Amino acid sequence: MSAIRLLVLGAVRQHGRAHGYQVRSDLEYWGAHEWSNAKPGSIYHALKQMAKQGLLHAHEIAASTAGGPPRTEYEITEKGSVEYFALLREALTSYDQKMDVLSAGVGFIVDLERREAVELLRERVRGLEEWRAAVTEYYTPEDGPEQLGHIGEIMNMWVDSADAGATWTRGLIERIEGGAYTFAGEGEPFVGVLAESEENPPATGIPHEGDGA
């Protein structure tokens, strides 16, 4: 699973309608260009591809009277919403997700109802525990990695990663169950996007492909 599809669909959905540079600015505002493959070329390509696939609807907008090129604004379709929530649920439950996919999932977790978010995270913990149990049938962390030679360090790394991932996930579950954050159906959501006129420091001065993406 690629993080870029989830990130772009989620960003467009939060705006309602957004042009390519707005989506890019949001993702840079979140730092996604540092922890994922959400680079400018990938973002514009994803927008165009998902419009062709029927996940986004492309609105052609005429150039403003102040000048500048015409631009395309994107709006998520019903098919795109189904895809978005499927990707979001997969990102949160799969124990072996890459960090960029998990990060994207956490970034949009409040689009779900609180109870479902907790259930999905518990499923992730179960997956981590089952994977760890399968690994430790052949490798005992308490005996140290040396039992398998230097290859044991690989097993040690993955077991430690599973333990850390489970600990972090349990902590997030506890915070959510304790009332943290505003989830779907609970009121006004946290605004994680930039207004069109709001300057985005990471994107300032960076050339972009107009708004015609």
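Just a few scattered comments:
- Selection within the range 84-101 - part of a helix (DSSP H, G or I) and modelled with pLDDT under 95: 99, 100, 101
- Only a single criterion out of (1) modelled with pLDDT of 95 or more; (2) surrounded by 19 or more Cβ atoms within 10 Å (Cβ to Cβ); (3) farther than 26 Å from residue 14 by Cβ is not satisfied by residue 167, namely (2).
- Look at the range 109-120: where a residue is buried (at least 20 other Cβ atoms within 10 Å of the Cβ) and a partner is outside any helix (DSSP H, G or I), sitting 6+ places away or on another chain with Cβ atoms under 6 Å, you get 112/184.
- Residue in the range 50-57 that is under 16 Å from the mean Cα position of the chain (by Cα), part of a helix (DSSP H, G or I) and modelled with pLDDT of 95 or more present: no
- Residue, modelled with the lowest pLDDT, within the range 11-41, restricted to residues that are of a type in the set (Ser, Thr, Tyr) and buried (at least 20 other Cβ atoms within 10 Å of the Cβ): 36
- Pairing each residue of the range 72-91 that is under 21 Å from residue 24 (Cα atoms) with any residue that is of a type in the set (D, E, K, R) and part of a helix (DSSP H, G or I), provided the two are 6+ apart or on different chains, yields C-beta distances under 6 Å for 76/13.
- All of 31, 80, 20, 10 fail the test of being among the small types (Gly, Ala, Ser) and out of contact with any helix residue (DSSP H, G or I) (no Cβ under 7 Å at 6 or more places or on another chain), apart from 31.
The values are calculated or read from the model by the stated rules, or taken from the named source; none is laboratory data. Here the structure is a predicted model, which is why all the values come from computation and not from measurement. Cβ sites come from the backbone with ideal geometry, for glycine too, and all protein chains shown count toward neighbours.
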